[in-house]
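The values are calculated or read from the model by the stated rules, or taken from the named source; none is laboratory data. All of these numbers come straight from a predicted model, not from anything done at the bench. We place every Cβ from the backbone using ideal geometry, glycine too, and count neighbours over all the protein chains shown. Ligands, DNA and RNA are excluded from the accessible area calculation, which covers all protein heavy atoms including side chains. Shrake-Rupley method; radii C 1.70, N 1.55, O 1.52, S 1.80 Å.
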Amino acid sequence: MSRAISKVGKIAHPTIVFLSLIIIFILSPFLLYSINFMGKIYPNTFVGGVNVGGKLPSEATELLSQKIVKPAKINFITPSASFELNTESIDLNYDFMESAERAFNLTRTGNFFLDSVKRVGLLRNREDIGLITNLDETKLTNFTSVIAGQVTLSPVYPTVEVSGQNIRVNRGTLGSQIDVQLFRALVGHNLAYATAGDITIPLSVVDPTLNDQEALAAKDRAEKYLGKTLSMNFEAQSFDYSRNNLLTFLNPAGGYSDNVVNNAIYKIATQINRDPQNSKFDFDGKKVTEFQPALDGITLDNEKLKELLLAKIDDLGAGESKTLAFDIPVTRIKPEITIDQVNNLGIKELIGRGNSTYFHSIPGRVFNVNLAASRINGTLVKPGDTFSFNQTLGDVSKFTGYQQAYIISAGKTILGDGGGVCQVSTTLFRAALNAGLPINERAAHAYRVGYYEQNSPPGIDATVYAPSPDFKFTNDTPGYILIVAKNDPKKLALSFELYGTSDGRVSVVTKPVISNVTPPLPDLYQDDPTIPTGTVKQTDFAAWGAKVVFNYSVVRAGEQVYKKTFVSNYQPWQAIYLRGTAPQ
């Protein structure tokens with residue numbers, strides 16, 4: 001057995017030696033190749049177009065610094081424009097030492113197999129690598145932005161609009177924009193290879209346009225919303241969408257415009273979100289001098305509102321109803337101190353609110369509205385007492401601080417002290433109606449006044465002029481009523497809030513019915529010797545005449561406890577012009 005093993009060993013030994021010699025023969029050129037380039041860059045290696053093969057890194061660094069010339073500028077071109085980049089403006093410079101080290105390490109990654117393949121490949125194939133560049137990326141980005149602003153063509157996205165009673169679809173137009181990533185890559189390549197050649201600015205087409213079928217589908221969808229209104233409500237605020245602003249929610253290409261929906265929700269959030277507010281109540285025995293009602297903190301539930309909004313838009317389009325309203329979903333945080341904790345007068349909660357706007361008022365009228373509202377603000381009405389607007393307000397004249405503005409007097413519209421006070425009485429009238437209080441005295445204006453129809457149908461106004469007409473209501477609730485005025489002269493909006501104790505009553509105001517509509521009287525021109533010839537001054541404004549009627553009732557526990565019909569007879573009014581006759 002030992003002799004057999006010995007024989008095999010004698011046969012195997014020459015075979016191993018032979019194989020070893022073959023391996024050494026095959027590998028010896030590679031070993032010599034590796035030894036020859038030990039510490040050197042392997043052949044056929046180019047940096048920025050310069051052959052650094054066979055060089056020590058230090059030698060390659062020196063060679064690159066001699067051969068490489070930094071381009072002074074690069075030109076960018078489009079079919080219609082060209083732009084020049086001065087490389088000094090972006091602080092361009094080259095790191096030749098790092099570039100040489102990069103070339104040296106090209107075949108020295110630590111992976112023996114891959115490095116060996118790479119080294120062998122360099123015997124036949126050239127390897128080009130770029131120079132390592134240093135530059136101010138912010139300055140290059142700014143330069144790119146300047147170019148983009150001049151060569152980019154913004155697309156026109158499709159829109160759907162109401163024009164009269166017809167739907168008009170704008171299909172949109174093509175746009176173009178710079179391919180920023182490709183642009184930066186092209187710039188990087190030119191700089192890395194020290195090339196001063198032109199670069200064609202890469203532009204990509206932006207195509208939001210609708211084809212014939214898509215445009216027809218957008219039109220058919222939009223027609224379902226003609227004449228319809230969507231309202232979102234929270235407390236006294238209403239966010240209404242109709243006609244074109246309703247159609248903006250629809251994406252003409254299908255679905256909804258996410259940006260429009262999100263922007264609408266954001267705007268709503270900015271107007272209703274608030275922190276909890278504790279109550280304040282300071283009373284000097286006659287009037288409340290400081291009052292702050294308790295208010296829940298409010299945070300809009302954005303996601304739920306978005307879900308509801310899209311669902312209601314769907315419902316509005318699919319249904320026959322012309323109007324659709326829903327309450328805005330919010331999260332509430334209770335205040336620490338409530339109204340009933342800071343007073344013993346039975347003032348516990350909001351029982352009524354009235355609103356009005358007075359856009360286009362002259363400065364004197366804006367001043368008077370603010371002054372009169374401030375003098376009504378804080379008034380307390382005892383249970384069983386009747387509130388008189390004229391008595392509470394007091395004298396209205398220049399001696400009590402009022403300015404001149406237009407008033408109706410003796411059948412004319414003239415400048416007089418306190419013009420605008422009726423804005424205050426009208427708004428308080430609306431609050432008393434909303435609270436379900438008995439109205440003892442109310443008179444309509446002589447003619448329809450535009451201020452009182454800005455956010456209300458005709459007929460819900462109340463004129464005052466001491467001593468008469470007056471506006472009066474009675475407090476028949478269980479507790480005191482506190483009148484709080486909130487005026488915003490910048491937004492030209494006034495509101496009154498009535499606080500007290502609710503006894504469960506509900507106010508019902510029918511929609512005003514307009515009849516006996518008559519056109520304005522013919523314009524009247526009057527000569528005025530105090531005005532230069534050729535000058536015409538309007539002193540009164542035309543208004544249509546009409547009869548307006550609405551019913552007001554108060555229901556408590558299912559029973560009607562109060563009912564009244566309000567009738568307003570508005571005269572047709574003529575425009576009056578003063579025509580100057582004085583010599584110039």
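A quick yes/no check of all residues on (1) within 30 Å of LEU85 (Cα to Cα); (2) without any contact (Cβ under 8 Å) to a residue 60 or more places away in the chain:
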site	(1), (2)
GLN165	no, no
VAL180	yes, yes
LEU186	yes, yes
ALA196	yes, no
LYS224	no, no
Scanning region 494-534 residue by residue, the ones that are of a type outside the set (S, T, N, Q), in a strand (DSSP E or B) and open to solvent by 40 Å² or more (accessible area, probe 1.4 Å) total 11
Subset of region 36-79, residues touching a residue at least 60 places away in the same chain (Cβ under 8 Å) and small (Gly, Ala, Ser), comes to GLY48, GLY49, GLY53, ALA72
Within region 299-314, identify whether any single residue is surrounded by fewer than 15 Cβ atoms within 10 Å (Cβ to Cβ), of a type in the set (Gly, Ala, Ser), out of contact with any Ser or Thr (no Cβ under 9 Å at 6 or more places or on another chain) and not in a loop (DSSP other than H, G, I, E, B), and answer yes or no.
yes
Of the residues in region 567-584 that are in contact with a Phe, Trp or Tyr (Cβ under 7 Å, 6 or more places away or on another chain) and not in a strand (DSSP E or B), the one that is least open to solvent (accessible area, probe 1.4 Å) is ALA575
Within region 73-113, residues being open to solvent by 30 Å² or more (accessible area, probe 1.4 Å) and either in a helix (DSSP H, G or I) or among the charged types (D, E, K, R) (or both) number 17
Within region 87-131, residues among the β-branched types (Val, Ile, Thr) and free of Cβ contacts under 8 Å to residues at least 40 places away in the same chain come out as THR109, VAL117
Over region 253-293, the set of residues over 29 Å from the mean Cα position of the chain (by Cα), small (Gly, Ala, Ser) and open to solvent by less than 30 Å² (accessible area, probe 1.4 Å) is SER279
Of the residues in region 331-348, those that are open to solvent by 40 Å² or more (accessible area, probe 1.4 Å), modelled with pLDDT of 90 or more and of a type outside the set (Lys, Arg) come to THR331, ILE333
Based on this model, can you work out whether ALA582 counts as of a type in the set (A, V, I, L, M, F, W, C) and out of contact with any helix residue (DSSP H, G or I) (no Cβ under 9 Å at 6 or more places or on another chain)? yes
In region 192-205, residues that are β-branched (Val, Ile, Thr) and crowded, with 16+ Cβ neighbours inside 10 Å total 2
Somewhere in region 34-54, is a residue closer than 17 Å to TYR193 by Cα and among the charged types (D, E, K, R)? no
Taking region 475-493 and keeping residues within 41 Å of the chain's Cα centre (by Cα) and open to solvent by 60 Å² or more (accessible area, probe 1.4 Å) leaves LYS486, LYS490, LYS491
Is it the case that some residue within region 162-184 is open to solvent by less than 70 Å² (accessible area, probe 1.4 Å) and under 16 Å from ILE90 (Cβ atoms)? yes
Scanning region 523-541 residue by residue, those closer than 20 Å to GLN574 by Cα and among the hydrophobic types (A, V, I, L, M, F, W, C) turn out to be LEU524, VAL536, PHE541
Scanning region 350-373 residue by residue, those assigned to a helix (DSSP H, G or I), within 19 Å of ALA462 (Cβ to Cβ) and open to solvent by less than 60 Å² (accessible area, probe 1.4 Å) turn out to be ARG365, ASN368, VAL369, LEU371, ALA372, ALA373
Would you confirm whether any residue within region 150-158 is open to solvent by less than 20 Å² (accessible area, probe 1.4 Å) and either in contact with a His (Cβ under 6 Å, 6 or more places away or on another chain) or closer than 22 Å to ALA81 by Cα (or both)? no
Within region 39-96, the residues that are more than 30 Å from PRO202 (Cα to Cα) and β-branched (Val, Ile, Thr) are ILE41, THR45, VAL52, THR61
